[in-house]
Amino acid sequence: MSQALKFAGKFKSGIGLIGLIIVLSFLSEYFLTLPNLLNVTRQVSINAILAFGMTFVILTGGIDLSVGSILALTSAITAGLLSTGYDVVIAILAGLLLGAILGLFSGILVAKAKMPPFIVTLGMMTIARGFTLIYSGGRPISGFNKTFRFLGAGYLGIIPFPVVIMIIILLICYIVLRKTSFGRYVYAVGGNEKATKLSGINTDAIKMSVYAISGFLAAVSGIILTSRLNSAQPTAGTGYELDAIAAVVLGGTSLAGGQGGVIGTIMGALIIGVLNNGLNLLNVSSFYQLVAKGAVILIAVFLDRRSQQAE
């Protein structure tokens, strides 16, 4: 029994995803069609990119509640620059830089001021949302050129371009976490911060870096969303931080830090995307969709806890 629980816990995200696909393919004749599957991957891409950044933070034992608001603010700033005639590259770089700076600021407060990540990022969430409303005046900013729109609405062959960006970022994050010293330090900080610090590693720099990465990837998601919608909405990203955390947890990354990775996170993001798509195809009310999503997360956490106990 314990071996079965360990197996289920280790591969729960893959098992869950395959199970969902099988069930939904029987329940809806439209689910396994190519247009629908491409649509699912495109919808998943924004949450997945957010969740990759969240994975870095959670691996160190932290949490980042500000990603949805940073997404909205960087979206508004990028859109504002584009609408006033700035070059696409400059507008995008400004949005990305702003995201990284906001994340870094949270990291400094967590690492240097020793403030709890939950409180720091909750404050940043509110600040970023407030600046978004101030900058945009509470109104959407829309109307961009074709070059910018390609980022979110274009295709590479039959593959939506946001999916291409997601795959590239996934590979980069995987290499950074698994093949570099920085990645090993991220796991070490989450596993045992005190021992890591005593071994001479600058744990404060690692913490600040992961929050900067999270902010940067939130900006990437914001820019893609703005491009796809051809509009920057002041309420964009509301609740996205919860979906990102859910994807990380469903993917098997421990909320205590030190265990997990981005491969699990992409599986978690796909589970959420497939679940949302399937329930929409079955005309299930959005109220019940929230219940179903919460239940799946609780089951994943339960399996994770039981597998850790079995070990």
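Here are some notes:
- Test result for A256, among the hydrophobic types (A, V, I, L, M, F, W, C), open to solvent by 40 Å² or more (accessible area, probe 1.4 Å), out of contact with any Lys or Arg (no Cβ under 9 Å at 6 or more places or on another chain) and without any contact (Cβ under 8 Å) to a residue 24 or more places away in the chain: no
- F161 meets the conditions (1) without any contact (Cβ under 8 Å) to a residue 12 or more places away in the chain; (2) buried (at least 19 other Cβ atoms within 10 Å of the Cβ); (3) over 17 Å from L229 (Cα atoms) in every case but one. The failed one is (3).
- Enumeration of residues in the range 205-239 that are over 15 Å from G95 (Cβ atoms), within 16 Å of the chain's Cα centre (by Cα) and surrounded by fewer than 24 Cβ atoms within 10 Å (Cβ to Cβ): T238, G239
- Residue satisfying condition, being surrounded by 15 or more Cβ atoms within 10 Å (Cβ to Cβ), in contact with a strand residue (DSSP E or B) (Cβ under 8 Å, 6 or more places away or on another chain) and in contact (Cβ under 8 Å) with a residue 40 or more places away in the chain, within set A111, A128, A100, A79: A79
- Within the range 132-150, the residues that satisfy the criterion of being within 30 Å of I263 (Cα to Cα) and either open to solvent by 40 Å² or more (accessible area, probe 1.4 Å) or under 18 Å from the mean Cα position of the chain (by Cα) (or both) are R149, F150.
- Number of the exception - G257 against (1) modelled with pLDDT under 90; (2) in contact with a helix residue (DSSP H, G or I) (Cβ under 6 Å, 6 or more places away or on another chain); (3) closer than 23 Å to T74 by Cα: (3)
- Conditions (1) at pLDDT below 95; (2) among the aliphatic types (A, V, I, L, M); (3) touching a Leu at 6+ places or on another chain (Cβ under 6 Å): number failed by V120: (1)
- Residue count for the range 164-182 under the criterion of being more than 17 Å from L50 (Cβ to Cβ), in contact (Cβ under 8 Å) with a residue 12 or more places away in the chain and open to solvent by less than 80 Å² (accessible area, probe 1.4 Å): the result is 1.
- Screening the candidates S28, S13 for the property of being modelled with pLDDT under 90, surrounded by 14 or more Cβ atoms within 10 Å (Cβ to Cβ), of a type in the set (S, T, N, Q) and under 24 Å from the mean Cα position of the chain (by Cα) yields one hit, S13.
The values are calculated or read from the model by the stated rules, or taken from the named source; none is laboratory data. All figures in this text were calculated on a predicted structure; none of them were measured in a lab. Reconstructed Cβ throughout: ideal geometry from the backbone, glycine too, with neighbour counts over all protein chains shown. Quick note on the areas: whole protein, heavy atoms, side chains included, nothing else; ligands and nucleic acids left out. Shrake-Rupley method; radii C 1.70, N 1.55, O 1.52, S 1.80 Å.
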